[in-house]
1. Suppose R0 equals 25 Å; then what is the FRET efficiency for LEU243 and GLU136 from their Cβ-Cβ distance, rounded to the nearest 0.05?
2. Separation of the stretch 244-287 and the stretch 7-26 by C-alpha centroid, Å?
3. Work out from phi, with θ = phi - 60° and the Karplus expression 6.51 cos²θ - 1.76 cosθ + 1.60, the ³J(HN,Hα) of each residue of the stretch 83-89, listed in order in whole Hz, and give x for Gly and Pro.
4. Please give the helix 251-263 orientation as an angle from the longest Cα principal axis of the chain, in degrees from 0 to 90, rounded to the nearest 10.
5. Give the long-range amide H neighbours of LYS67: residues separated by 5 or more places, or on another chain, with amide H under 5 Å away, using H modelled in the peptide plane at 1.01 Å from N.
6. Would you kindly derive the ³J(HN,Hα) couplings of the stretch 114-122 from the backbone phi angles with the Karplus curve 6.51 cos²θ - 1.76 cosθ + 1.60 (θ = phi - 60°), listing them in order in whole Hz, with x for Gly and Pro?
7. Please list, in order along the stretch 18-26, the HN-Hα scalar couplings obtained from phi with the Karplus expression 6.51 cos²θ - 1.76 cosθ + 1.60 (θ = phi - 60°), rounded to whole Hz, x for Gly and Pro.
8. More than 32 angstrom separation, counting every C-alpha pair in the chain; what % is that?
Amino acid sequence: MAKIILAVSGGVDSMVMLDMICHSGQYSSGDIIVAHFDHGIRENSAEDAAFVERKVKDYGVEFRLGKGDLGEGASEAEARVARYDFLHSIDPFATIFTAHHLDDLVETVAINLIRGTGWRGLAALDTPGVKRPFLEMDMFYEPMDKAAIMEYAAKRRLEFREDPSNSWDEYLRNRVRHQMNNSPLDFEQKMEIYRLWQAQKQLKSEIDPSIVQLLPEDKIWQRAWFRNLEPNLALELLRAGTLRAGIAATRPQLEDFRQAILNYAPGKYFNLPGDRLIRLNKNSFEL
């Protein structure tokens with residue numbers, strides 16, 4: 001069986017995932033690698049790493065430690081990129097398991113809608129090569145929310161560490177979480193979002209291959225195309241084209257790009273993320 005990598009921070013979610021996976025009977029101890037990444041954001045983060053390493057010994061599985069030096073000012077995005085770079089470096093053929101649960105899904109959808117991501121924000125947490133057992137029916141019978149995870153941890157008397165950064169309001173996710181705690185959803189309301197998420201993921205899997213087939217092979221785009229294209233389709237094409245060019249743009253940035261294609265005078269440039277300048281010629285542009 002192929003290796004699986006459990007991303008374990010030491011918090012209650014990942015410690016419950018570790019315990020459930022190791023006791024599920026679905027994987028042998030030799031197939032499991034527990035990975036912990038010390039971002040170097042907090043002064044006491046080394047204590048989390050030592051805790052996880054000590055606990056992993058009780059399960060008799062392999063442990064890998066990665067270290068970064070991001071500093072206190074690091075953003076969530078920077079931390080996520082560094083963490084996944086480490087996880088993928090362990091074994092590029094292994095499946096990565098993360099402890100995202102039902103409440104994380106609800107928060108992520110809310111954050112994406114705040115950021116104006118459009119319908120794709122409802123198809124979040126869908127990264128190839130990453131499995132999220134608390135959100136997958138084939139793992140633990142039904143999705144688990146934070147309450148179910150805390151109940152399991154109490155019954156099993158699991159030890160875990162609280163990450164103080166979870167209370168930092170500098171992070172948008174924490175602000176959203178605090179607001180949602182003030183007006184919590186019940187389990188069935190969370191499941192309605194879960195079912196919508198499943199439907200949007202299926203839609204995404206059907207749309208993406210079709211969009212890619214519509215991209216110009218020579219990477220030369222005609223500005224005239226965009227005068228007749230429905231705006232949402234135009235945004236989908238621009239999204240696929242920018243990603244092919246190694247540019248990650250938000251939906252609002254893509255809409256600004258679409259408007260520039262329609263309205264900029266020949267010879268003007270549009271600045272995409274990463275300081276990528278796109279020259280808009282009279283009839284075309286290269287992406």
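Any read-out appearing in this document is the output of simple, stated calculations on the displayed coordinates, not a laboratory observation. No experiment lies behind these values; they were computed from the predicted model shown. Cβ atoms come from the backbone with ideal geometry, glycine included; neighbour counts cover every protein chain shown.
1. 0.45
2. The distance from the Cα centre of the stretch 244-287 to that of the stretch 7-26 comes to 45 Å.
3. Result, ordered by residue: 5, 6, 4, 5, 4, 5, 6 Hz.
4. For 251-263 against the chain, the angle is about 10 degrees.
5. So LYS67 has HN proximity to ASP38.
6. Using θ = phi - 60°, the values come out as 4, 7, x, 7, x, 5, 5, x, 8 Hz.
7. 4, 5, 5, 5, 5, 9, 6, x, 7
8. 36 percent
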